[in-house]
1. Applying the selection to the stretch 30-73, what residues are surrounded by 14 or more Cβ atoms within 10 Å (Cβ to Cβ), more than 17 Å from Gly84 (Cβ to Cβ) and charged (D, E, K, R)?
2. Within the stretch 36-82, how many residues are closer than 17 Å to Glu26 by Cα and in a loop (DSSP other than H, G, I, E, B)?
3. Say whether the condition of being buried (at least 16 other Cβ atoms within 10 Å of the Cβ), touching a helix residue (DSSP H, G or I) at 6+ places or on another chain (Cβ under 7 Å) and either within 25 Å of Asn24 (Cα to Cα) or at pLDDT 75 or above (or both) is met by at least one residue in the stretch 83-106.
4. Select from the stretch 21-50 the residues that are over 14 Å from the mean Cα position of the chain (by Cα) and closer than 13 Å to Ser78 by Cα and list them in ascending order.
Amino acid sequence: MNIGHVTPANSNLFEELGIRDAINEELRVKLLVELNNWFQTSGLTQTQAAKIVGVAQPTFNNALKYHFEKFKVDRLLSMVGKTGQPFQLLFGEDAAQWKAQQKTKYQKSADASTLC
């Protein structure tokens, strides 16, 4: 298998694909990731979670399916804010450093669990 190009971890995939307004697209995806992470750990049903974030259940389901084209940034910010969970959006080099730290943490915990 020959891979012609690999997008670096600290770059914007949408920008690399030549998509107009790439920063906005990346931001919407990152907000949907935050919303999905909250939901996955909340123990709530979609209906309960939708009520908390102030949308109908079908709209919340679209968010869970990463239909980012159906949401504006301000709406997603509002939804994520209503979860009450702290979140941080990182771009560029800061995002790459954070990903590397998370990978290291995961690797250390995986190594420790094999010792038990």
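1. If the condition is that a residue be surrounded by 14 or more Cβ atoms within 10 Å (Cβ to Cβ), more than 17 Å from Gly84 (Cβ to Cβ) and charged (D, E, K, R), then Lys30 is the only one that fits.
2. 5
3. yes
4. Ala50
The values are calculated or read from the model by the stated rules, or taken from the named source; none is laboratory data. What you see is a predicted model; the values in this text were computed from it and never measured. Heads up, the Cβs are rebuilt from the backbone with ideal geometry, glycines too, and the neighbour counts pull from every protein chain shown.
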